[in-house]
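Readers should treat all values here as calculations from the given coordinates under stated rules, not as data from a laboratory. Remember, it's a predicted structure, so these values are computed and weren't measured experimentally. Neighbour counts run over all protein chains shown; Cβ positions are idealised from the backbone, glycine included.
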Amino acid sequence: MKVELDINRQKHTVEVEPRLSLLDCLRDKLLLIGAHAGCEHGVCGACTVLVDGAAIRSCLMFAVQADGVAITTIEGLSPGPGELSPLQDAFCETHGMQCGYCTPAMILAAHALLSKNASPTREEIVDAISGNICRCTGYAQIVEAIALAAERMRGQNDPVRP
Amino acid sequence: MTAPGKFRFVSSDRRVREDRRFVVGKGSFAADIVPQGVKHVALVTCPHPAARIVSIDKAAALAIPGVHYVLEGAELAGATNVLAAGLDTPNVPRYPLALNVARYAGEWVAAVVADSRALAEDAAEAVAIEYAPLPFILDADEAYKPGSTLVHEAHGSNVLLDRTFVWGEVEQDFAVSPHRLKHRVKWGRSSTVPIETFGVTASWDPWREILDIWASIQMPKYPDQTAMVLKIPMSSVRVHYDVDVGGSYGVKRGIKHTVLVGYLSKRLGMPVRLIEDRLENMRGGDMHGPERNFDVEVAFDDQGIIRSMKMRALDNVGAYAGRSPFQLGKPVGAIVGPYKIKSVQYQAIAVVTNKTVQEAVRAFGQSPTNYAIERTIDEVAVKLGLDRLEIRRRNMIRHEEFPYLIPSGSTYDSGDYHTVIDKVLAHAGYGELIAERDRLRSAGTLAGIGIAACLEPSGGNSSFEPLLNPKVGTTTWMDSCRISIDLVGSITATMHTTSAGQGHETLVGTVVGEVLEVDPDKVRVVRSDSLNALPSNSPVGSRMAIMLGGAAFHAAKQLKDKLTAIAAHDLGVPVERIAYKDGSAFDTSAPDKKRTWAELVTMAHRHIHKLPEGMEPGLSVSHIMPVPMGGGLPTADGRVQMYPCYSFEFHLMLVTIDPDLGKPEIKRYVIGHDCGTVINPKIVRGMTLGGIAHGIGAALYEEFAYNEDGLLVAQNFMDYLLPSAHEVPFVEIVHHETPSPLTVFGQKGSGESGYLGAPAAIASAVNDAVRPLGIVVDSLPIKVARLGDMIAQARENNAREAKKGN
């Protein structure tokens with residue numbers, strides 16, 4: 001059947017089987033391969049995308065259920081070719097990853113947090129990424145990246161002091 | 001070797017170049033590579049722990065439109081060679097699909113090929129297989145006994161390896177020691193379980209006669225074993241090393257997966273891929289880690305000086321023999337840990353059972369052995385009433401005693417264990433930490449201090465192969481780097497293996513930049529495929545900083561020497577008078593006389609008439625590096641230099657346990673870490689913290705548990721528990737550098753750090769916490785439910801005893 005998907009502010013009309021997951025639709029039909037399959041049963045969080053700004057697991061949602069919502073994938077975060085968002089740059093600054101497999105999902109989960117909460121505490125950061133499993137880092141440099149991005153993004157909006 | 005602090009780029013806190021592609025979702029992982037027309041594999045797996053395959057009916061599956069093929073074991077085994085095993089065990093053959101008999105629940109019995117993965121899964125359910133269940137065995141102690149149920153009848157027993165080494169005067173040292181202690185500790189079956197499952201795509205071109213392979217692989221000997229099993233020349237196998245691997249930590253060794261899709265691609269004339277789903281990965285992906293029972297006995301004096309140790313390690317390697325029994329061999333290279341134990345008896349036993357096949361896991365068997373040694377040291381301290389730190393200090397090798405030869409034949413290169421411990425204690429405020437524990441105890445909580453010290457052998461030459469299988473003569477295990485400066489002066493370095501997050505492109509760029517005195521970010525680093533590769537043994541055994549870093553150093557040095565020689569010749573001065581600086585070369589007695597980078601590069605590429613007589617034009621060099629200290633076969637009694645470099649770590653932690661729930665919580669975690677010169681601080685820090693997280697998982701949460709019916713019950717992430725950000729505490733690292741005298745910058749390995757000692761430290765803390773109750777926790781993982789039951793039982797018993805006393 002036909003679904004109309006709003007992904008990274010672009011409309012796509014896609015022909016899908018009703019049983020196709022949003023994850024498989026993004027990867028196989030739209031070649032948005034930054035969303036990754038990890039467990040495909042909703043635990044590891046590697047497939048996280050944003051639906052209307054909230055982090056959700058695209059392996060647990062059917063593509064047909066995504067008709068009419070606004071989806072953001074990792075491909076939608078970078079400001080332009082070769083450029084990084086402040087959050088993406090902070091992950092590079094602290095080396096908040098190793099193999100990079102859980103990274104797009106981790107960044108989207110953090111993005112969802114920072115768009116609601118400009119000054120998260122360590123506990124709030126930990127809570128926001130606790131549904132995303134990383135096997136490489138032990139999470140410390142990820143938490144640091146999110147805190148650093150929050151600090152820098154707050155600074156961006158500060159009035160210029162004389 | 002240059003002293004620390006003298007480097008320009010090495011040791012500086014530079015960004016990791018790989019990160020840029022990952023943060024935007026532009027990694028190139030195995031599942032991202034989709035050749036035109038690729039077909040998809042799903043697997044039919046055995047639901048019994050052991051069963052004879054009576055019949056396979058494929059008709060219903062093949063009738064589904066879009067289904068191309070159903071492959072069974074007999075066809076595959078008939079067309080391929082048996083998969084390679086490490087030990088000499090010809091009667092334990094292993095094929096990708098079970099042949100006549102399936103030997104564990106989840107073993108692959110048939111493979112379905114279809115237009116999509118979903119269709120292949122539909123068809124897999126339609127394959128009708130009749131099984132005749134057979135008796136099975138799960139327990140290693142039982143499997144070791146003569147007369148037990150046989151996993152492989154033709155082998156005649158379940159024992160793959162049973163060898164006892166004696167190094168030094170063990171019996172004599174035991175006889176003269178006033179004390180001895182014997183106990184059993186167990187390491188449970190877990191693994192490092194990457195978030196990316198194993199995936200591989202193979203595409204056979206019958207006209208070029210090349211099998212292209214894209215795989216999430218981390219495996220030495222991968223192209224050669226693929227060629228050997230598929231009966232094609234190695235020059236017909238092209239493994240693409242530019243695939244990003246989504247975590248491996250040892251386990252991504254999908255040789256059986258690769259043989260399966262390689263065969264199918266040849267057979268069907270189509271590209272074929274297998275991307276495991278989580279279930280296929282957990283039960284049939286053959287990536288479980290060691291499951292080991294240790295019986296350890298030590299002899300010691302009144303001061304707690306341990307003179308001798310007898311260790312028996314019984315490992316349950318699962319249903320088939322791959323490379324995993326060698327994981328009993330690696331610990332021989334650090335069998336006494338950081339301690340001066342004079343003599344050792346080591347019995348290494350590997351048995352097969354009807355469990356999933358074991359694969360290499362981070363530290364290749366060293367972490368379980370460290371856990372056994374450290375648990376033993378703690379028990380000796382308790383028996384003598386000595387402080388656990390003091391007994392370690394007394395037994396440890398002192399800084400001035402390096403290089404230090406251990407009884408099993410390896411010489412430790414360098415270390416300063418006492419200083420690292422002192423730094424950790426000072427940082428942590430050890431006295432206050434003890435006071436905090438005691439305060440918590442008096443408030444009614446169970447609280448304990450955990451201590452563990454251990455080594456990370458690094459840069460190895462695979463000497464455990466000839467040690468445990470005399471038919472193998474391996475004495476080196478090289479790695480390589482090729483560097484070219486092109487005709488306009490850009491630098492490109494090539495590496496010859498995949499990476500799984502270790503930052504090797506950053507490593508090579510940093511080293512080349514350091515030697516050639518250019519901005520590392522200007523050095524392009526690419527990966528070859530296996531047909532144009534120099535020798536590499538892949539990132540195993542904490543080796544790449546030493547081996548790839550070393551190869552890049554030597555290749556860059558050769559280029560620098562060549563540029564210097566060209567300048568000397570063109571300036572007409574002896575080469576000794578030429579100094580190289582920032583890419584230019586000048587006459588030290590007349591610094592105005594110089595040749596710039598552009599001039600040197602142009603001469604090398606275009607002006608052969610200006611080059612020294614006989615010099616090869618161009619600027620392209622390769623270096624193939626052997627392992628430092630390697631080159632010798634084991635002696636008859638099994639002594640061999642196994643690893644060149646030995647990193648050190650010391651863990652200290654405070655743990656509380658809720659006395660009602662039995663739930664441990666890490667309140668403070670400090671690790672002292674010494675891996676010599678650090679090439680990239682961000683990478684080394686990440687390795688250590690990530691290794692600790694793996695160690696926390698192995699110690700407290702992760703276990704491939706089986707039920708009485710022989711079925712794996714922890715086969716998804718609801719039942720196999722992975723630590724989340726909530727479970728991994730804030731960890732403080734205390735850094736120390738004791739450079740290795742054997743490496744180009746003084747670097748040692750760090751890829752397995754953290755994981756090597758965290759389980760031992762957690763076990764130490766938990767036991768310190770529950771010891772007042774009179775109980776000992778002697779097996780990992782320490783699951784909440786079991787610990788809670790043990791504590792409740794102990795409290796009940798103690799209350800009953802107290803009542804009796806009244």
#### Entry: Over 24 Å between alpha carbons, listed pairs B:Lys522/B:Lys562; B:Lys355/B:Lys663; B:Lys562/B:Lys610; B:Lys256/B:Lys682
B:Lys355/B:Lys663; B:Lys256/B:Lys682
### Query
Can you pull the mean other chain C-beta count within 10 Å for peptide B:191-198?
5
### Query
Which lysines, on any chain, are close to A:Lys11 with Cα under 20 Å apart, when same-chain ones fewer than 8 places away are left out?
A:Lys2, A:Lys29
### Message
Between B:Glu125 and A:Asp67, how high is the FRET efficiency from 1/(1 + (r/R0)^6) when r is the Cβ-Cβ distance and R₀ = 30 Å? Nearest 0.05.
### Response
0.55
### Task
May I ask you to give the average projected area over all directions of the convex hull of the Cα atoms of the stretch A:86-156, in nm² rounded to one decimal?
4.0
### Query
Across the stretch A:2-76, how large is the tail of the calculated P(r) beyond 15 Å, expressed as a percent of all Cα pairs?
45
### Query
Contour minus end-to-end for B:Asn81 and B:Gln36, with contour as 0.36 nm per residue of separation and end-to-end as the Cα-Cα distance?
13.3 nm
### Query
Remind me, relative contact order of the stretch A:47-138 in percent, using alpha carbon pairs under 8 angstrom and six or more residues apart?
29
### Message
Using the Karplus curve 6.51 cos²θ - 1.76 cosθ + 1.60 with θ = phi - 60°, what ³J(HN,Hα) values do you get for each residue of the stretch B:418-426, in whole Hz, with x for Gly and Pro?
### Response
4, 5, 4, 4, 4, 5, 5, 5, 5
### Task
Could you list which residues have their amide H under 5 Å from that of A:Arg135, counting only those 5 or more apart in sequence or on another chain, with H placed in the peptide plane?
B:Ile195
### Task
Compute the relative contact order of the stretch B:240-399 as a whole-number percentage, counting only Cα pairs closer than 8 Å that sit 6 or more residues apart in sequence.
26
### Task
Specify the residue with the greatest mean-square fluctuation among A:Thr94, A:Thr13, A:Thr72, computed from a Gaussian network of chain A linking alpha-carbon atoms under 10 Å apart.
A:Thr13
### Query
When we measure straight from the Cα of B:Lys145, which aspartates and glutamates land under 15 angstrom away, once same-chain ones fewer than 8 places off are left out?
B:Glu153, B:Asp162, B:Asp315
## Note on the structure
In terms of the alpha carbon gyration tensor, root eigenvalues a ≥ b ≥ c, rounded if a/c is under 1.5 and otherwise prolate when a/b exceeds b/c or oblate, chain B is oblate
### Task
Can you spot the lysines whose alpha carbon is less than 28 Å from B:Lys340's alpha carbon? Ignore those fewer than 8 places along the same chain.
B:Lys182, B:Lys186, B:Lys310, B:Lys330, B:Lys383, B:Lys423, B:Lys748
### Summary
Binned at 10 Å starting from 0, the alpha-carbon pair-distance distribution of the protein assembly as shown in whole percents comes out as 2, 11, 20, 24, 21, 13, 6, 2, 0, 0, 0
### Task
Determine by what factor the alpha-carbon radius of gyration of the stretch B:1-125 differs from 2.2 N^0.38 Å, reporting the quotient.
1.66
### Query
Counting Lys and Arg as +1 and Asp and Glu as -1, each charge on the Cβ, what is the dipole of chain B about the Cα centre in debye, to the nearest 20?
740
### Query
How would you rank B:712-724, B:788-800, B:639-651, B:391-403, highest first, on the average number of other Cβ atoms within 10 Å across their residues?
B:639-651, B:712-724, B:391-403, B:788-800
### Query
Do you know the relative contact order of chain B, to the nearest whole percent, from alpha carbon pairs under 8 angstrom that are 6+ apart?
16
#### Entry: Charge dipole (debye, nearest 20) of the stretch A:2-76; +1 at Cβ of Lys and Arg, -1 at Cβ of Asp and Glu
80
## Note on the structure
Under the Karplus relation with 6.51, -1.76 and 1.60 and θ = phi - 60°, whole-Hz ³J(HN,Hα) for the stretch B:253-270, x at Gly and Pro, equal 10, x, 5, 5, 5, 5, 4, 4, 6, x, 4, 4, 5, 5, 5, 9, x, 9
### J(HN,Hα) series, the stretch A:6-21, from Karplus relation 6.51 cos²θ - 1.76 cosθ + 1.60, nearest Hz, glycine and proline x
9, 10, 6, 6, 10, 8, 10, 9, 10, 8, 10, 6, x, 7, 6, 6
### Task
With 5 Å bins from zero, work out the P(r) of the stretch B:417-486 over every alpha carbon pair and list the percent per bin.
3, 11, 12, 10, 9, 8, 8, 8, 9, 9, 7, 4, 1, 0, 0
